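One structure is given here, and the rest of the page talks about it.
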Amino acid sequence: MLVPMTEILQKSREGHYGVIAPNICNEDSARAAIEAAAETNSPIILDLIYSASPDITLLAHIVKYLADRVSVPVALNLDHGGEFKQHIEAVRAGFSSIMVDRSSLPYEQNVAEVAELVKVAHSVGMSVEAELGHVGTAADGDGQTSDLYTNVDQAADFVERTGCDALAVAIGTAHGKYPAGYVPHLDFDRLHELYNAVEVPLVLHGGSGSGDDNLARATREGITKVNVGTSLFSAGMQNLADHVGELTRANLGYKMISDAYKAELIRHMELVGQVGKA
Ligand code: 13P
């Protein structure tokens, strides 16, 4: 069933386990993620990437239809919502929540724009994830210096003034593929301080390639939601590449992608302790 994202996050924060939010971009990935949750009796948050799938109204219908057929809690979040229009579309489509990413703007502008969308979202019972500090791109070397990390004093002020329901923090991870052999060093001291400074659940972006031990520890020590995208789609595409010679009328390739996406998702769900927590 589709539930508010805060319902899943509050339970997991209290229980000191994490919840993986897999990126989805179409019916196949939505279906694979919901199956992974149902088969492991786990809560799940689907993080829809607008740029990969701008017809979010159609996809929201599909997600609601699939979520209604399982008993585990499913939430649908707009990942890295950009222009105002995208958020309004998500509101109209009945998402559980929106992420308002204004993390590359100056602080006061970030506060003002998030607060404005919090008012809109809360008026229709939706929650808002915001970002402070900036989780950049792994290929650009972002995450390797503390310049972009979340400032602990600002975090408390930010949450109070915006009224956001979840906070994405920058503590060393970055989006996408890291350079070969590089595993980020996470700033756990900062994570502990952030956890004590704000009461809303903390979100870790850039889960792919960030180290299994890091993800497991981060969710034990303060992170509630972990966004993972690249690893899941890479596993899917690799499986297709490995078996492309075996296409049949019953398996035209999409299933090869979905099966590996789902297996990699379940592996991540096990790491952060959400399995069996539906
Ligand atoms: P990765 O693709 O690096 O896992 O990042 C996903 C993410 O943070 C989506 O918001």
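The values are calculated or read from the model by the stated rules, or taken from the named source; none is laboratory data. Values in this document were obtained by computation on a predicted structure and should not be read as measured data. Positions of Cβ are backbone-derived with ideal geometry, glycine not excepted, and every protein chain shown enters the neighbour counts. Surface accessibility is based on the protein's heavy atoms, side chains included, excluding ligands, DNA and RNA. Shrake-Rupley method; radii C 1.70, N 1.55, O 1.52, S 1.80 Å.
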Solvent-accessible area per residue for region 223-278 at a 1.4 Å probe radius, Å²? 49 Å²
Give me the three principal axis extents of region 151-248 from the C-alpha atoms, as integers in angstrom, largest value leading. 56, 27, 21
With springs connecting C-alpha atoms under 10 Å apart, model the chain as a Gaussian network and identify which of LYS255, LYS85, LYS177 has the largest mean-square fluctuation. LYS85
Expected vector for region 162-167, Karplus 3J(HN,Hα) from phi with 6.51, -1.76, 1.60 and θ = phi - 60°, integer Hz, x for Gly and Pro, equals 8, x, 5, 9, 8, 10
For region 1-77, state what percent of all Cα-Cα pairs lands in each successive 10 Å bin, counting from 0 Å until the bin that includes the largest distance. 21, 56, 22, 2
Part-to-part distance (alpha-carbon centres) for region 69-102 and region 199-278, which is given in Å: 20 Å
The Kirkwood hydrodynamic radius of the chain, taken as the inverse of the mean 1/r over all distinct Cα pairs, in Å, comes to 18.6 Å
For the chain, take the longest principal axis of its alpha carbons; what is the angle in degrees between that and the long axis of helix 5-15, to the nearest 10 within 0 to 90? 80 degrees
Using amide H atoms built in the peptide plane, which far-off residues or other-chain residues are under 5 Å from ILE24 H to H? ASP47, LEU48, ILE49
Determine ³J(HN,Hα), in whole Hz, for all residues of region 245-259 in sequence, where each value follows from phi through the Karplus function 6.51 cos²θ - 1.76 cosθ + 1.60 and θ = phi - 60°; x replaces Gly and Pro. x, 10, 4, 10, 5, 7, 9, 8, x, 4, 5, 5, 5, 4, 4
Using alpha carbon coordinates only, what is the Rg to Rh ratio of region 35-121, with Rh defined as the Kirkwood radius? 1.03
Would you please name the GluC sites (Glu not before Pro) within region 46-137 that are DSSP coil residues with at most 15 other C-beta atoms within 10 Å of their C-beta? GLU83
Considering only protein heavy atoms and a 1.4 Å probe, what is the carbon-and-sulfur percentage of the accessible area of the chain? 52 percent
Mean projected area (nm²) of the alpha-carbon convex hull when region 1-146 is viewed from all directions: 9.5 nm²
What list of ³J(HN,Hα) couplings, whole Hz, do you get for region 75-90 from phi and the Karplus terms 6.51, -1.76, 1.60, once you set θ to phi - 60° and write x for glycine and proline? 10, 10, 10, 7, 7, 6, x, x, 3, 3, 3, 4, 5, 5, 4, 5
Of TYR149, VAL72, THR173, which is farthest on the positive side of the dipole of region 62-194, counting Cα position, with +1 on Lys and Arg Cβ, -1 on Asp and Glu Cβ, and the Cα centre as origin? VAL72
Starting from the Cα of TYR182, step 7 Å along the direction of its Cβ; do the same at TYR107; then give the gap between the two resulting points in nm. 2.8 nm
Could you pull out every residue, at least 5 positions away or on a different chain, whose amide H is within less than 5 Å of the one on ALA168? Hs are placed 1.01 Å off N in the peptide plane, and Pro or chain starts have none. ALA130, GLU131, LEU132, VAL203
When every alpha-carbon pair in region 207-278 is counted, what percent end up more than 15 Å apart? 57 percent
